[in-house]
Every structure is written in C-alpha cells, then in structure tokens.
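Report on one structure; see the data block that follows.
The values are calculated or read from the model by the stated rules, or taken from the named source; none is laboratory data. Just so we're clear, the structure is a prediction, and the values are computed from it rather than from any experiment. In this analysis, Cβ positions are derived from the backbone assuming ideal geometry, glycine residues included, and neighbour counts consider all displayed protein chains. Accessible surface areas use protein heavy atoms only, side chains included; no ligands, DNA or RNA. Shrake-Rupley method; radii C 1.70, N 1.55, O 1.52, S 1.80 Å.
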Amino acid sequence: MKFLDYLEEWVIATLMGVATLIIFVAVVHRYTSGLPIPGVQDYLIKLNTSWAQEITIYMFVWMAKFGAAYGVRTGIHVGVDVLINRLNTPWRNKFIVFGLLAGATFTAIVGTLGARFVWEIGHTDQVSADLEMPMWIVYLAVPLGSYLMSFRFLQVTWQFLKTGTLPKHDHSHVEGLDDELSKDADKLTHKGAAA
C-alpha cells in the first residue's frame, strides 16, 4: 500500500510542478517576444508555445482525478456531517459505511463508463488540437482516477470497520515540521547544557 500511496503523491506533485513550469515558460516567452530586442525577438516569435495551454489543461485534469483519490485517502474532502454526528453511534456508523460504499459504487460506475469511452475513442483517429496526442490518452485519466478513488473509498470503509475512525486531515499540520522543531529543541538543549 505504501508504494501506491507514494506513487499517487508523486504523480500529483510531478504534474503540478511540470504544469507550473510550462505555464511560467509560456508566460515569459509571450512577454519577452513582445520586447523589441533585435534578433532575440525574431527568434522568440518563431518559437511556438501554443501547445502549453493544452498540455497544462490535460495535466490539471489528471491532477484532479488523482487528487480526488488522494483526498478520500487522507480525509481532505469537505463533507456535511452535522446530522450524521448527531445520531447515536450505531446509526452513525451505518450511515458512514453506507456513504463510503455509495462513493465506491459511484466512482466504480464512472470508472467503468470512462473505460468504455476510452476503449471506443481508442479505435478512432481523434487527436488533440495542438499536440496531436491521441485523445484516449487524455481521457484515460477518468477510468484510472475513478477506479483509484473507488479503491480508496473501499480502503477507508475497511479501516472504519476495523478501527471506527475515519481519516482526518489536520490543516495545521505541516509534514516534517515536528522533526525540525524537535531537532531545534535538541540543539538549544545541548547549547544550554554546554554553557
């Protein structure tokens, strides 16, 4: 499971970083090609970056699909649970399990419909406008992300049935910060002891 967790996080972070870099380069290119610098302006105008917007849109689609699965796993998704939390424990637990299984079912259906669509479009010659990339690659994000999200719903359901807890995202927690703070406290302690 750890491998899948790291792969999921790596895919999201890589897509986010590369998309940001591409947008930055495209904006700098657009700005600098408007500057009247002899030779440089002519060279920059010849460079075609019209593909940048298209590829970043596709990257954000993939990021959103895998990010949704990540959100289920870590408990980041916003939920309206005021009524659920007012129920007594047995009813509360039943509604939570029902909601998680409904999410797993829905995302599995979306994944199956998406896989069927990808299969059908894969047998055509449809390509994207600027990159001329086969469109089945672009739409592959729907079944892959949806099936991963369905798996994450089932994973959270299983964890809830075993432990009675749901993943809860702490917005104030910064990963790695506790380690750094304890290192700094140790350094201060050692300096204080040495003095």
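Can residue 170 be described as surrounded by fewer than 19 Cβ atoms within 10 Å (Cβ to Cβ), within 21 Å of the chain's Cα centre (by Cα) and either under 25 Å from residue 7 (Cβ atoms) or modelled with pLDDT under 95 (or both)?
Yes; evaluated as a whole, the condition is true for this residue.
Output yes when any residue across region 43-52 is at pLDDT below 95, under 20 Å from residue 139 (Cβ atoms) and open to solvent by 40 Å² or more (accessible area, probe 1.4 Å), and no when none is.
Looking for residues that are at pLDDT below 95, under 20 Å from residue 139 (Cβ atoms) and open to solvent by 40 Å² or more (accessible area, probe 1.4 Å), one finds at least one in region 43-52, hence yes.
Would you call residue 96 touching a residue at least 60 places away in the same chain (Cβ under 8 Å), surrounded by 11 or more Cβ atoms within 10 Å (Cβ to Cβ) and more than 27 Å from residue 130 (Cβ to Cβ)?
Spelling it out, residue 96 is indeed touching a residue at least 60 places away in the same chain (Cβ under 8 Å), surrounded by 11 or more Cβ atoms within 10 Å (Cβ to Cβ) and more than 27 Å from residue 130 (Cβ to Cβ).
Identify the residue in region 145-167 that is among the aliphatic types (A, V, I, L, M) and more than 15 Å from residue 1 (Cβ to Cβ) and, among all such residues, is least open to solvent (accessible area, probe 1.4 Å).
Step by step, filter region 145-167, then rank; the result is 149.
Within region 9-42, work out how many residues are exposed (fewer than 12 other Cβ atoms within 10 Å of the Cβ), in a helix (DSSP H, G or I) and of a type in the set (Gly, Ala, Ser).
Residues flagged as exposed (fewer than 12 other Cβ atoms within 10 Å of the Cβ), in a helix (DSSP H, G or I) and of a type in the set (Gly, Ala, Ser) within region 9-42 amount to 2.
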